[in-house]
1. Contour minus end-to-end for S64 and A320, with contour as 0.36 nm per residue of separation and end-to-end as the Cα-Cα distance?
2. With +1 assigned to the C-beta of every Lys and Arg and -1 to the C-beta of every Asp and Glu, and no other charges, what is the dipole magnitude of region 248-303 about the Cα centre in debye, to the nearest 20?
3. From the square roots a ≥ b ≥ c of the eigenvalues of the alpha-carbon gyration tensor of the chain, which class results: rounded (a/c under 1.5), prolate (a/b over b/c), or oblate?
4. Which whole-Hz ³J(HN,Hα) couplings does region 262-275 yield from phi under the Karplus relation 6.51 cos²θ - 1.76 cosθ + 1.60, θ = phi - 60°, glycine and proline marked x?
5. Work from the charge dipole of the chain (Cβ charges, +1 for Lys and Arg, -1 for Asp and Glu, about the Cα centre) and give the residue of L273, A80, G302 farthest towards its positive end.
6. Roughly how many debye, to the nearest 20, is the charge dipole of region 212-306 about its Cα centre, given +1 on each Lys and Arg Cβ, -1 on each Asp and Glu Cβ, and no other charges?
7. Using a Gaussian network model of the chain whose springs link C-alpha atoms within less than 10 Å, name the residue from E86, E75, E275 with the highest mean-square fluctuation.
8. Springs between alpha-carbon pairs under 10 angstrom, Gaussian network model over the chain: which of E152, E313, E244 fluctuates most?
Amino acid sequence: MKIDNTFGIETQCRELITYDSEDALREALNRIRSQYKGLPLLHIGCGSNLLFINDYNGIILKSSIKGVNIKEETENEVLAEVGAGEICDEFIAYAIQRGWYGMENLSLIPGQIGAAAVQNIGAYGVEVCNVIEEVHGICLADSSERTWMRDECQYGYRQSIFKGALWGKYAITRVTFRLSKHFKPKLQYGGLVKAIEEAGFKESTLSAENLRQIIIGIRRSKLPDPKEQGNAGSFFKNPVVAKEKADLLLSKYPGMPNYPADGGKVKLAAGWLIEQAGWKGKSLGPAAVHDRQALVLVNKDGATGRDILRLCEAIRKDIAYKFGIELEPEVNFIETH
Ligand SMILES: Cc1cc2nc3c(=O)[nH]c(=O)nc-3n(C[C@H](O)[C@H](O)[C@H](O)COP(=O)(O)OP(=O)(O)OC[C@H]3O[C@@H](n4cnc5c(N)ncnc54)[C@H](O)[C@@H]3O)c2cc1C
């Protein structure tokens, strides 16, 4: 069966099972254990952060658990539990309509709610872990249930326990968000203040919906639409380096973007490094670096997972040679034998 992915890579699996409730998931897991013993099992969302290197010789699970359940509500905030199969951006639009705030900056990031909690999606100075209260999941091996409070999820930059020690072990079925009823825009991220002024707004009069639309506009102008050109968003993580390393590079490249990170380290812009190394707009066979955003690798013309991987490795090697920096992919590579 064909697996949908935003890279637009043709890939098949033995069986793709979509379930719409926790009971249906348990039933599916029972069947998988008896029918497909020993075959690999992978849970996906919309496939917008996956690179299939080859056909997946196993079973794919996908959630279509929907619904928003208000667990608690005060005059200041709401605890909303959301089905993992909901589309994240649709929930953000719904939350803004209801007067629940905190996720506006994450507007238009593709993918499902469950994946957002796995990936700790982030944009414009906000990470989804800022508003996650708890995450609920079912163990793929024995169907037992578990809830993780935010502090147990080991959230970091595009990182979580679900991407780390527990990768591939649980299906996330529900995520609870703590959202505020008071809109406090987060505009620290460089381009936002300017974009808001250009759109004719002031911070004092800006609504959450205005902010959402401005962010959607910026994203549409910068990022390729996967429907038109296959891609998975930022292909590499922004590298975090020791201050001494950043100072050394800054003495050679004074214009290099750099941002303070935890532990006195410095975060650099992977896109800037790739562009500086001359890769922007370059192709390697049917895989290419996007011509407006060097951090995005695109499927130009019927690329396979291996074509994208070849381009990824060529870029990593070049960046290591030119800057002494190891770029780490943000995209999840999936390969079976
Ligand atoms: C154009 C574009 C722009 C993007 N911009 C951003 C951005 O600004 N910021 C950002 O952070 N990301 C961005 N991304 C990446 C992507 O949107 C996120 O990583 C998103 O969370 C992936 O969601 P998905 O449903 O497609 O998950 P998938 O890509 O299908 O899966 C991602 C990971 O989550 C796991 N997973 C998915 N669902 C579940 C579940 N229910 N239970 C257990 N594990 C699960 C999968 O095994 C996999 O490891 C962008 C992608 C694209 C294509």
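The values are calculated or read from the model by the stated rules, or taken from the named source; none is laboratory data. The model shown is predicted, which means the values in this text are computed figures rather than measured ones. In this analysis, Cβ positions are derived from the backbone assuming ideal geometry, glycine residues included, and neighbour counts consider all displayed protein chains. Only protein heavy atoms, including side chains, enter the accessible area calculation; ligands, DNA and RNA are left aside. Shrake-Rupley method; radii C 1.70, N 1.55, O 1.52, S 1.80 Å.
1. Details: separation 256, 0.36 × 256 = 92.16 nm, distance 4.11 nm.
That pair, S64 and A320, stretches by 88.0 nm at full extension.
2. Working: 7 positive and 4 negative charges, 20 e Å.
Magnitude of the dipole: close to 100 debye.
3. Working: a/c = 1.71, a/b = 1.10, b/c = 1.55.
Cα axes put the chain in the oblate bin.
4. So the J values, rounded to whole Hz, are 4, x, x, 7, 10, 9, 9, 9, 4, x, 5, 4, 5, 5.
5. L273
6. Numbers: 16 positive and 8 negative charges, 30 e Å.
About 140 debye.
7. Fluctuation is largest for E75.
8. E244
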